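Remarks on the structure that follows.
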Amino acid sequence: MDRKKNNLTDYELIIRIKAGDEDSFKELFLRFYPRFRYFVVRFVNSGDVADDILQNVFMKIWINRASLREDLSMTAYIYVLAKYEIFNHLRLKSNRLIDRFNEACHANILSTPGVDSSYDYLELEAAVKSSIERMPEKRRNIFCLNRYEFKSAKEIAEILGLSVRTVEKHIELALKTLRKDISSGLMSLLTLMAGWF
């Protein structure tokens, strides 16, 4: 690799990357990967997961290189891409937690010592359903599309004609409502189950 590329500005790197210069892309990778790896690891608590996320980020940059804007701040751009990859990873992990929770309920694991056995699956299901039914209609629809139909915030935004940020805020508020409405028995169970992952 040309040592002069180490001194290139973001603008110069982008111009070269858009032209398909692989050495400039490698320079971009070497310049930004270490600092963003530290950032991602703080959220996902795993070096391997952080590596996968950043591999996806840089792959997207290379695949979409022709559409890069020359005035782009690469730091800000990589930050946004990494943020969405982290969000998607955490969303999938959350969905897996819900699946494991449902499996546990059906397998009668709610009687595990240390978990309030009086808080059985039917009570839990009724509490969740009641909490969801009391949500404002738009929030309820968004939450159900996300949690039960496994649609992403972007997909929901397109379906309902809303911004992605609005959808994310409704999901956040719905989860806050559920946490508030459901008794400490569920919170104890979720704390216990979080150790399974």
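Throughout, read-outs are computed from the coordinates displayed, never taken from laboratory work. Here the structure is a predicted model, which means the values were calculated and not measured. FYI the Cβ positions are ideal-geometry reconstructions off the backbone, even for glycines, and counts take in every protein chain you see.
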Cβ under 13 Å from residue 46's Cβ, residue 46 left aside: what net charge do those residues give with Lys, Arg +1 and Asp, Glu -1?
0
In nanometres, what is the gap between the two model label sites at residue 46 and residue 138, each 7 Å from Cα along Cα-to-Cβ?
3.6
For a 31 Å ceiling on Cα separation, which of these pairs sit above it: 154/176; 18/169; 138/180; 83/138; 60/180?
18/169; 60/180
Extension length gain for residue 166 and residue 62 (0.36 nm per residue less Cα distance), in nm, is 34.5 nm
Just to be sure I understand the model, the point goes 7 Å from the Cα along the line to the Cβ. What's the resulting residue 7 to residue 33 distance in nm?
2.4
If each of residue 23 and residue 75 carries a label point 7 Å out from its Cα toward its Cβ, how far apart are those two points in nm?
2.7
